[in-house]
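Scroll down for the structure; my scribbles are underneath it.
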Amino acid sequence: MKLASAQFTPVPGDVAGNLETIRGLIVQAAGEGARLVVLPELAVTGYALELIARDPGSWLTEDDPRLDPIREACRATSTAVVVNAVVRTAGELPGITSLVIGPDGALLARYDKRHLHGEEHELFAPGVADGRFTLDGVRFAMAVCYDNRFPEIAERAGADGCRVYVASSVLEEGNDSFETVYPVRARTNGLFVVLANQTGPSDIGDCPGLSSIWGPDGTLLATAGRSMRSLAIAEAAIEAATHS
(Lines give C-alpha, C1' and ligand atoms only; values in the text may rest on other atoms or scores of the structure.)
Protein backbone atom coordinates (compact mmCIF):
# COMPACT_ATOMS: atom_id res chain seq x y z
CA MET A 1 0.00 0.00 0.00
CA LYS A 2 1.35 3.42 -0.92
CA LEU A 3 0.81 6.14 1.68
CA ALA A 4 1.05 9.88 1.03
CA SER A 5 1.35 12.92 3.26
CA ALA A 6 0.53 16.25 1.62
CA GLN A 7 1.64 19.78 2.48
CA PHE A 8 0.62 23.20 1.24
CA THR A 9 -0.02 26.71 2.53
CA PRO A 10 -3.74 27.14 3.26
CA VAL A 11 -5.29 30.53 2.58
CA PRO A 12 -6.85 31.59 5.92
CA GLY A 13 -10.62 31.26 5.77
CA ASP A 14 -10.77 30.30 2.08
CA VAL A 15 -12.64 27.04 2.47
CA ALA A 16 -13.49 26.61 -1.22
CA GLY A 17 -10.00 27.50 -2.40
CA ASN A 18 -8.27 25.24 0.11
CA LEU A 19 -10.55 22.34 -0.75
CA GLU A 20 -9.69 22.82 -4.42
CA THR A 21 -5.99 22.62 -3.55
CA ILE A 22 -6.67 19.47 -1.51
CA ARG A 23 -8.58 17.97 -4.44
CA GLY A 24 -5.57 18.58 -6.68
CA LEU A 25 -3.21 16.97 -4.18
CA ILE A 26 -5.43 13.88 -3.99
CA VAL A 27 -5.38 13.55 -7.77
CA GLN A 28 -1.61 14.07 -7.84
CA ALA A 29 -0.99 11.49 -5.12
CA ALA A 30 -3.31 8.98 -6.79
CA GLY A 31 -1.37 9.46 -10.01
CA GLU A 32 1.72 8.30 -8.12
CA GLY A 33 -0.10 5.24 -6.81
CA ALA A 34 -1.12 6.40 -3.33
CA ARG A 35 -4.05 4.63 -1.70
CA LEU A 36 -4.33 7.08 1.22
CA VAL A 37 -3.55 10.81 1.42
CA VAL A 38 -3.16 12.63 4.77
CA LEU A 39 -3.60 16.43 5.07
CA PRO A 40 -2.33 18.83 7.78
CA GLU A 41 -4.26 20.09 10.79
CA LEU A 42 -7.01 22.57 9.85
CA ALA A 43 -6.05 22.30 6.18
CA VAL A 44 -9.51 23.45 5.14
CA THR A 45 -9.36 26.83 6.92
CA GLY A 46 -5.72 27.25 7.79
CA TYR A 47 -4.57 27.42 11.40
CA ALA A 48 -6.07 30.89 11.93
CA LEU A 49 -7.94 30.64 15.23
CA GLU A 50 -9.30 34.20 15.56
CA LEU A 51 -10.72 34.04 12.04
CA ILE A 52 -12.27 30.64 12.72
CA ALA A 53 -13.85 31.86 15.94
CA ARG A 54 -15.60 34.81 14.32
CA ASP A 55 -16.72 32.94 11.20
CA PRO A 56 -18.90 29.91 12.01
CA GLY A 57 -19.57 29.73 8.28
CA SER A 58 -16.14 28.14 7.95
CA TRP A 59 -17.20 25.23 10.15
CA LEU A 60 -18.14 22.07 8.28
CA THR A 61 -20.57 19.25 8.95
CA GLU A 62 -19.80 15.60 8.25
CA ASP A 63 -22.08 15.64 5.19
CA ASP A 64 -21.17 19.17 4.12
CA PRO A 65 -21.77 19.71 0.38
CA ARG A 66 -18.58 21.78 0.23
CA LEU A 67 -16.73 18.48 0.58
CA ASP A 68 -18.29 17.13 -2.62
CA PRO A 69 -15.17 17.86 -4.76
CA ILE A 70 -13.11 15.80 -2.30
CA ARG A 71 -15.62 12.95 -2.35
CA GLU A 72 -15.67 13.02 -6.13
CA ALA A 73 -11.86 12.97 -6.31
CA CYS A 74 -11.76 9.97 -3.99
CA ARG A 75 -14.30 8.10 -6.12
CA ALA A 76 -12.61 9.03 -9.39
CA THR A 77 -9.18 7.88 -8.22
CA SER A 78 -10.18 5.11 -5.78
CA THR A 79 -8.17 6.91 -3.10
CA ALA A 80 -8.94 7.59 0.57
CA VAL A 81 -8.13 10.88 2.32
CA VAL A 82 -7.75 12.12 5.89
CA VAL A 83 -8.78 15.78 5.79
CA ASN A 84 -8.70 17.93 8.92
CA ALA A 85 -11.15 20.80 9.42
CA VAL A 86 -13.32 22.66 11.90
CA VAL A 87 -16.33 20.36 12.16
CA ARG A 88 -19.50 20.91 14.15
CA THR A 89 -20.24 18.71 17.15
CA ALA A 90 -23.48 18.07 19.04
CA GLY A 91 -22.53 20.92 21.38
CA GLU A 92 -21.94 24.63 20.95
CA LEU A 93 -18.25 24.37 20.11
CA PRO A 94 -16.84 22.58 17.05
CA GLY A 95 -14.00 20.10 17.02
CA ILE A 96 -10.61 20.06 15.35
CA THR A 97 -11.63 17.07 13.33
CA SER A 98 -10.13 14.55 10.94
CA LEU A 99 -12.70 13.20 8.50
CA VAL A 100 -11.73 10.04 6.66
CA ILE A 101 -13.34 9.83 3.24
CA GLY A 102 -13.04 6.43 1.62
CA PRO A 103 -12.30 5.42 -1.98
CA ASP A 104 -16.05 5.29 -2.62
CA GLY A 105 -16.56 8.85 -1.35
CA ALA A 106 -18.32 7.73 1.83
CA LEU A 107 -17.31 8.80 5.35
CA LEU A 108 -15.20 6.05 6.91
CA ALA A 109 -14.49 7.67 10.27
CA ARG A 110 -14.35 10.85 12.30
CA TYR A 111 -11.77 11.75 14.92
CA ASP A 112 -11.90 14.87 17.12
CA LYS A 113 -8.56 16.03 18.55
CA ARG A 114 -8.44 14.90 22.17
CA HIS A 115 -5.60 17.05 23.53
CA LEU A 116 -6.20 20.72 22.77
CA HIS A 117 -3.40 23.24 23.16
CA GLY A 118 -3.37 26.86 24.31
CA GLU A 119 -6.10 29.04 22.83
CA GLU A 120 -7.75 25.96 21.30
CA HIS A 121 -9.30 25.26 24.71
CA GLU A 122 -11.48 28.36 24.37
CA LEU A 123 -12.64 27.68 20.83
CA PHE A 124 -13.04 23.93 20.42
CA ALA A 125 -14.53 20.91 22.14
CA PRO A 126 -12.04 18.12 22.87
CA GLY A 127 -12.68 14.65 21.53
CA VAL A 128 -13.37 11.79 23.90
CA ALA A 129 -12.45 8.69 21.87
CA ASP A 130 -9.48 7.38 19.92
CA GLY A 131 -9.65 7.47 16.12
CA ARG A 132 -9.70 4.26 14.10
CA PHE A 133 -10.51 3.18 10.56
CA THR A 134 -9.81 0.22 8.31
CA LEU A 135 -8.72 0.40 4.68
CA ASP A 136 -7.92 -2.66 2.57
CA GLY A 137 -7.96 -4.77 5.72
CA VAL A 138 -5.35 -2.58 7.43
CA ARG A 139 -6.19 -0.87 10.71
CA PHE A 140 -5.25 2.81 11.06
CA ALA A 141 -5.06 5.17 14.06
CA MET A 142 -5.46 8.95 13.96
CA ALA A 143 -3.98 11.78 16.01
CA VAL A 144 -3.82 15.55 15.57
CA CYS A 145 -0.75 17.68 16.41
CA TYR A 146 -0.52 18.07 20.21
CA ASP A 147 -2.07 14.60 20.62
CA ASN A 148 1.25 13.20 19.48
CA ARG A 149 3.00 14.50 22.61
CA PHE A 150 1.03 11.89 24.57
CA PRO A 151 2.69 8.50 23.96
CA GLU A 152 -0.26 6.55 25.29
CA ILE A 153 -2.26 7.37 22.14
CA ALA A 154 0.24 5.51 19.96
CA GLU A 155 0.63 2.80 22.58
CA ARG A 156 -3.11 2.13 22.50
CA ALA A 157 -2.99 2.12 18.70
CA GLY A 158 -0.32 -0.56 18.64
CA ALA A 159 -2.14 -2.63 21.26
CA ASP A 160 -5.37 -2.29 19.26
CA GLY A 161 -3.92 -3.91 16.15
CA CYS A 162 -3.24 -0.71 14.22
CA ARG A 163 -0.39 -0.80 11.70
CA VAL A 164 -0.42 2.85 10.59
CA TYR A 165 -0.62 6.02 12.67
CA VAL A 166 -1.63 9.18 10.79
CA ALA A 167 -0.87 12.59 12.26
CA SER A 168 -2.32 15.84 10.90
CA SER A 169 -0.25 18.67 12.36
CA VAL A 170 0.78 22.32 12.30
CA LEU A 171 4.39 22.46 13.48
CA GLU A 172 6.47 25.63 13.40
CA GLU A 173 10.12 26.09 12.54
CA GLY A 174 12.34 24.72 15.30
CA ASN A 175 9.72 22.34 16.73
CA ASP A 176 11.55 19.28 18.03
CA SER A 177 8.70 16.87 17.21
CA PHE A 178 10.25 15.94 13.86
CA GLU A 179 13.09 14.25 15.75
CA THR A 180 11.77 13.47 19.24
CA VAL A 181 8.12 12.52 18.68
CA TYR A 182 7.10 11.08 15.32
CA PRO A 183 10.00 8.66 14.65
CA VAL A 184 9.87 7.65 18.31
CA ARG A 185 6.16 6.79 18.08
CA ALA A 186 6.99 4.64 15.05
CA ARG A 187 9.94 2.83 16.59
CA THR A 188 8.47 2.33 20.04
CA ASN A 189 5.16 0.91 18.83
CA GLY A 190 6.11 -0.78 15.55
CA LEU A 191 3.89 1.55 13.49
CA PHE A 192 4.18 3.28 10.15
CA VAL A 193 3.78 6.98 11.00
CA VAL A 194 2.45 9.43 8.41
CA LEU A 195 2.94 13.10 9.36
CA ALA A 196 1.27 15.84 7.29
CA ASN A 197 2.45 19.33 8.25
CA GLN A 198 1.53 22.62 6.60
CA THR A 199 3.92 25.09 5.00
CA GLY A 200 4.04 28.87 5.40
CA PRO A 201 2.48 31.19 7.98
CA SER A 202 0.12 30.11 10.76
CA ASP A 203 -0.97 31.45 14.13
CA ILE A 204 2.00 29.73 15.78
CA GLY A 205 4.60 30.96 13.27
CA ASP A 206 6.05 29.88 9.95
CA CYS A 207 5.77 26.17 9.23
CA PRO A 208 8.50 24.33 7.29
CA GLY A 209 6.46 21.46 5.86
CA LEU A 210 8.78 18.46 6.25
CA SER A 211 5.78 16.13 5.94
CA SER A 212 7.24 12.66 6.33
CA ILE A 213 6.64 8.93 6.58
CA TRP A 214 8.56 6.67 8.97
CA GLY A 215 8.74 2.90 9.00
CA PRO A 216 8.00 0.73 12.06
CA ASP A 217 11.68 0.81 13.04
CA GLY A 218 11.73 4.63 12.99
CA THR A 219 13.53 4.86 9.63
CA LEU A 220 12.58 7.85 7.50
CA LEU A 221 11.02 6.46 4.32
CA ALA A 222 10.01 9.69 2.56
CA THR A 223 9.84 13.42 3.11
CA ALA A 224 8.25 16.29 1.21
CA GLY A 225 11.07 18.58 2.32
CA ARG A 226 10.40 22.30 2.45
CA SER A 227 8.53 22.63 -0.86
CA MET A 228 5.51 24.89 -0.41
CA ARG A 229 3.20 22.36 -2.07
CA SER A 230 4.41 18.78 -2.19
CA LEU A 231 3.89 15.14 -1.27
CA ALA A 232 5.82 12.51 0.63
CA ILE A 233 4.96 9.06 -0.70
CA ALA A 234 6.19 5.69 0.53
CA GLU A 235 5.38 2.06 -0.15
CA ALA A 236 4.41 0.34 3.07
CA ALA A 237 4.46 -3.46 3.16
CA ILE A 238 1.58 -4.00 5.55
CA GLU A 239 -0.24 -7.21 6.32
CA ALA A 240 -3.99 -6.96 6.88
CA ALA A 241 -4.88 -6.45 10.53
CA THR A 242 -6.09 -9.45 12.49
CA HIS A 243 -7.92 -7.26 15.05
CA SER A 244 -11.59 -6.59 14.36
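The values are calculated or read from the model by the stated rules, or taken from the named source; none is laboratory data. Fair warning: this is a prediction, and the values are worked out from it, not measured in the lab. Backbone-built Cβ (ideal geometry, glycine too); neighbour counts: all protein chains shown. These accessible areas exclude ligands, DNA and RNA; they are computed on the full protein's heavy atoms, side chains included. Shrake-Rupley method; radii C 1.70, N 1.55, O 1.52, S 1.80 Å.
Its relative contact order, with pairs defined as Cα atoms under 8 Å and 6+ residues apart, puts segment 165-212 at 44 percent.
Take every Cα pair under 8 Å whose residues are at least 6 apart in sequence, average their separation, divide by the length of segment 115-181, and the relative contact order is 28 percent. Each peptide in 53-59, 221-227, 77-83 was scored by the mean count of other Cβ atoms within 10 Å over its residues; highest first, the order is 77-83, 221-227, 53-59. Dipole of the chain computed with +1 at Lys/Arg Cβ and -1 at Asp/Glu Cβ about the Cα centre; of T97, V86, G137, farthest Cα towards the positive end is G137.
Evaluated with a Cβ-only charge set (Lys, Arg +1; Asp, Glu -1), segment 5-83 carries a dipole of roughly 220 debye about its Cα centre, given to the nearest 20.
For the chain, which whole-number percentage of the solvent-accessible area (1.4 Å probe, protein heavy atoms only) is attributable to carbon and sulfur atoms? Roughly 50 percent, rounded to a whole number.
Taking square-rooted eigenvalues a ≥ b ≥ c of the alpha carbon gyration tensor, is segment 98-167 rounded, prolate or oblate, where a/c under 1.5 means rounded and, failing that, a/b exceeding b/c means prolate?
oblate
Protection proxy ranking, highest mean first, for peptides 123-131, 1-9: 1-9, 123-131, where packing is the per-residue count of other beta-carbon atoms within 10 Å, averaged. For the chain, what relative contact order do you get, as a whole percent, if you take Cα pairs closer than 8 Å and at least 6 residues apart? About 22 percent, as a whole number.
How would the chain be classified by its alpha-carbon gyration tensor: rounded, prolate or oblate, with rounded meaning a/c under 1.5 and the a/b versus b/c comparison settling the rest? If you can, show how the numbers build up before the last one.
Numbers: a/c = 1.30, a/b = 1.20, b/c = 1.08.
Cα axes put the chain in the rounded bin.
Packing, as the average of other Cβ atoms within 10 Å across residues, places the peptides 33-43, 134-144, 173-183, 199-209 in the order 33-43, 134-144, 199-209, 173-183, highest first.
In this structure the chain gives 38 Å² per residue of accessible area when probed at 1.4 Å with all protein chains present. Taking a ≥ b ≥ c as the square roots of the eigenvalues of the Cα gyration tensor, an a/c ratio of 1.5 or more together with a/b no larger than b/c marks segment 69-197 as oblate. The stretch between L220 and R149 holds 23.7 nm of extra length on full extension. This uses 0.36 nm per residue minus the Cα-Cα distance. A simple charge model with +1 on the Cβ of Lys and Arg, -1 on the Cβ of Asp and Glu and nothing else charged puts the dipole of the chain at about 640 debye relative to its Cα centre.
So what's the net charge close to L116: Lys and Arg +1, Asp and Glu -1, counting the other residues with Cβ under 13 Å from its Cβ? Around L116, the surrounding residues sum to -3.
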